[in-house]
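Structure first, commentary second.
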């Protein structure tokens, strides 16, 4: 099963909730960048991945998805799991959440669909705020801590340039830094677009620590092909929305010439459908 990445076209932090999470309003859009997850019933639990630095332990969202599925359905089984990673870790692109959602869908298929869509969504929300989005894989306006979804259309004719430096950003650290910001700095820079007023409130705390990221955003905004430049999620990926794959290749090539090649750079379709 292919598992898509996402970008946040806007991310508004609306305050802290009693449960410790932050209240969000975010427009998440799937993009044409994928991991691939295969699972099958097996006599013993085995796990293989092209990314050797990703352990299969209690921190792994696929492992957590298996545990929660077994608890919910009162079933026990072992699996052969193969994960091919293309979505970078610590990038703000939702790779781990997407893999977890795919694991839930595959587990439900392997066990003859014991869980309804509603129960799957509830399990997904327990695994992480972004995981329910990846069950549907459609452009959506997400609220609460990200788990409440309302489908919100976005055009299928745009492309996106993704730029990630060698470092990642911890989501927990980004929100912790946001929490202690002065109130006047808790709102990201707003950009007026044909899709509305868009911003990412986590840019402020992340940019204060990682000074390269605002430089990349500023550079992207200066490119004539760019319609919108933002950080995705809690970073560290910066993105630019453009009108065509040719525009994207122009921006990515120019970026590599200007900044050098010590970056992960991809051009892919935005909202591939």
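No lab work stands behind these numbers, since they all come straight from the coordinates. Everything numeric in this text was worked out from a predicted model, so none of it was measured. For neighbour counting, all protein chains shown are included, and Cβ atoms are generated from backbone atoms with ideal geometry for every residue, glycine included.
Summary table
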{"item": "Exposure proxy order (Cβ contacts within 10 Å, fewest to most) of 7, 62", "result": "62, 7"}
{"item": "Most mobile of 225, 184, 194 in a GNM of the chain (Cα contacts under 10 Å)", "result": "184"}
{"item": "Nearest-0.05 FRET efficiency for residue 86 and residue 1, computed from C-beta distance (R0 22 Å)", "result": "0.95"}
{"item": "Fraction of alpha-carbon pairs over 14 Å apart in the stretch 148-216 - percent", "result": "70"}
{"item": "Cα-Cα P(r), the chain, percent of pairs per 5 Å interval", "result": "1, 6, 13, 17, 18, 16, 13, 8, 5, 2, 1, 0"}
{"item": "Listed residues 106, 93, 162, most fluctuating in the chain (Gaussian network, C-alpha, under 10 Å)", "result": "106"}
{"item": "Nearest 10 degrees, 0 to 90: helix 245-259 Cα axis against the chain principal axis", "result": "70"}
{"item": "Radius ratio Rg over Rh of the stretch 216-272, counting only Cα atoms, Kirkwood formula for Rh", "result": "0.92"}
{"item": "Helix 95-110 vs. the chain, principal-axis angle (Cα, 0 to 90°, nearest 10)", "result": "30"}
{"item": "Values of log10 I(q)/I(0), in the order q = 0.16 Å⁻¹, for the stretch 2-151 under a Debye, Cα-only, solvent-free model", "result": "-0.86"}
{"item": "GNM top mover of 249, 215, 44 - the chain, alpha-carbon springs below 10 Å", "result": "44"}
{"item": "Computed E for residue 122/residue 211 - FRET, C-beta separation, R0 41 angstrom, nearest 0.05", "result": "0.50"}
{"item": "Degrees between helix 117-127 axis and first principal axis of the chain (Cα, 0 to 90, nearest 10)", "result": "70"}
{"item": "Per residue convex hull volume, Cα atoms of the stretch 159-269, in Å³", "result": "98"}
{"item": "Sorted by Cβ density within 10 Å, fewest first, the residues 74, 247, 99", "result": "74, 247, 99"}
{"item": "Taking 98, 59 and counting other C-beta atoms within 10 Å, the order from fewest to most", "result": "59, 98"}
{"item": "Two-site FRET efficiency, residue 227 against residue 109, from Cβ-Cβ distance with R₀ of 45 Å, rounded to 0.05", "result": "0.70"}
{"item": "Fully extended contour minus Cα-Cα distance, from residue 186 to residue 243, at 0.36 nm per residue", "result": "17.5 nm"}
{"item": "Inter-label distance, nm, simple model (7 Å from Cα along the C-beta direction), residue 51/residue 38", "result": "1.9"}
